[in-house]
Amino acid sequence: MDKNLNEKLAEFQIAMGNQMEVSTKLHYESNEEKKGGRFTNPPNSNDDAVLLPKNTEADEGIKTKTTADKSNKDNNNMKKKFEKNFKLIPFVRFIRQNESLFPTIFGLYFNHNGEEFITQDIKIETNQLGDTFQYHPSTKGAEDFHGRYIKYFIRKHLANKYDVELIDRLAEHVVEHPENYETGKNPKLKEAIKKHYKIYKDKNTKAIDIRYSIKIVSLSRSVMCQRKVPRKEFHTYYKNLLAIMKYLDRLTYNTIEIYPELDCEYFRAASVILFDDEVAFEIMVSKFDLNAKRVKYNRKIFQLILHSFSYYKRTGKRIRKLVIYNPLMGEEHVVKLNDIDFKLFEEALDKDLTAFQSNSYYNNHKEKIFR
């Protein structure tokens, strides 16, 4: 390994007692995902940390993405860039949540508990945009569904603002393959998603006018994740939605890509919005502020750095700024990225992924985990 990388990690390794043990336990996001010790029908989702073996069929065709223009990247050039051939390729979210499995790449940025960045180049600037949202009483017990709805609302409004096509592969998948999901057991749900997805995609409809349709379409993620959908409709205060629209309308970017393809040979990418080829935009729907959830915010930033690495490998362009928008808190967190040493970054990532391939737990249980 490069001498610079060893030097960079020396202090981190000492802080860890020079012993970086690899966890052998898979952490599940919810009880619904834990069935017989394996994930079933794993979604390519920003809400679920799952692993997929290379070339699995599950990671294609079910990813949500909208792009301003169709990609014209040369496939042959991409194959030359992506020369690795790892059998086990994690999702970005899995990497950010499992520091012990990827100690080298974490060691470049974090102290041993993930609470602080050890590099001076990463500083978080917080902008207060307005008041903290108050939950409507109907959202009690349905906060997760409400959060997903807000994300779908934002994507719809941005698609209208920038006049781009809006596609949700999750909605399409649970309608086209109902036999695997609740849409197969509940024909009314299937028809509702199908009907309201057409309304959601229509460029002539506005987010503020089709709130119910957006709620129905946003249930697709829960259906995909084998979670029960709420029986009663939940609501968001109208003034909160207007505040979101006001913030989005103030954005001065010229172009947008909503959930572009950012997979690479090291990981499967999560959902992210790109502005002007240099700003990565992420939505957080949490009532916890930065200080209360420092590790969570730090890892979200780390996830965006991983995305910027993949984007650089694909396009040769660098992400210059990371923006995390939390509408519930009325906050915007901005991180300006100085030039990241992507050579050093890739060496660390390659070391961790190589070690991960030989992890006895995942190799001995891959038939169950990847089923």
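The values are calculated or read from the model by the stated rules, or taken from the named source; none is laboratory data. The structure displayed is predicted, hence computed values, not measured ones. Counting neighbours? That spans all protein chains shown, and the Cβs are built from the backbone with ideal geometry, glycine included. Please note that ligands, DNA and RNA were not included when accessible areas were found on the heavy atoms of the full protein model with its side chains. Shrake-Rupley method; radii C 1.70, N 1.55, O 1.52, S 1.80 Å.
Checking the a/c ratio against 1.5 first, then a/b against b/c, what shape does the Cα gyration tensor give for the stretch 155-194?
prolate
To the nearest 20 Debye, how big is the dipole of the stretch 123-344 about its Cα centre, given +1 on the beta carbon of each Lys and Arg and -1 on that of each Asp and Glu?
Value, rounded to 20: 620 debye.
Peptides 187-198, 95-106, ordered by how many other C-beta atoms sit within 10 Å of their residues on average, highest first, read 95-106, 187-198. For the stretch 208-299, trypsin sites (Lys or Arg not before Pro) meeting the loop criterion (DSSP other than H, G, I, E, B) and having at most 13 other Cβ atoms within 10 Å: Lys228, Arg231, Lys232.
So, R0 is 35 Å and r is the distance between the beta-carbons of Asn359 and Ser286; what FRET efficiency does that work out to, to 0.05? Computed FRET efficiency for Asn359 and Ser286 comes out at 0.70. Label the stretch 123-344 by shape, choosing from rounded, prolate and oblate, from the square roots a ≥ b ≥ c of the eigenvalues of the Cα gyration tensor; if a/c is under 1.5 it is rounded, and otherwise prolate applies when a/b is larger than b/c, oblate when it is not. The shape class here is prolate. On the basis of the beta-carbon distance and an R0 of 41 Å, Val295 and Tyr253 show a calculated FRET efficiency of 0.90.
Here r is the Cβ-Cβ distance between Ile124 and Asp209 and R0 is 35 Å; the resulting FRET efficiency, rounded to 0.05, is 0.50. Surface analysis of the stretch 123-344 yields an accessible area of 44 Å² per residue, using protein heavy atoms and a 1.4 Å probe. Taking 27 Å as the cut-off for C-alpha to C-alpha distance, list the pairs among Lys203/Lys228; Lys198/Lys287; Lys156/Lys195 that go past it. In this structure, Lys203/Lys228; Lys198/Lys287 exceed 27 Å between Cα atoms.
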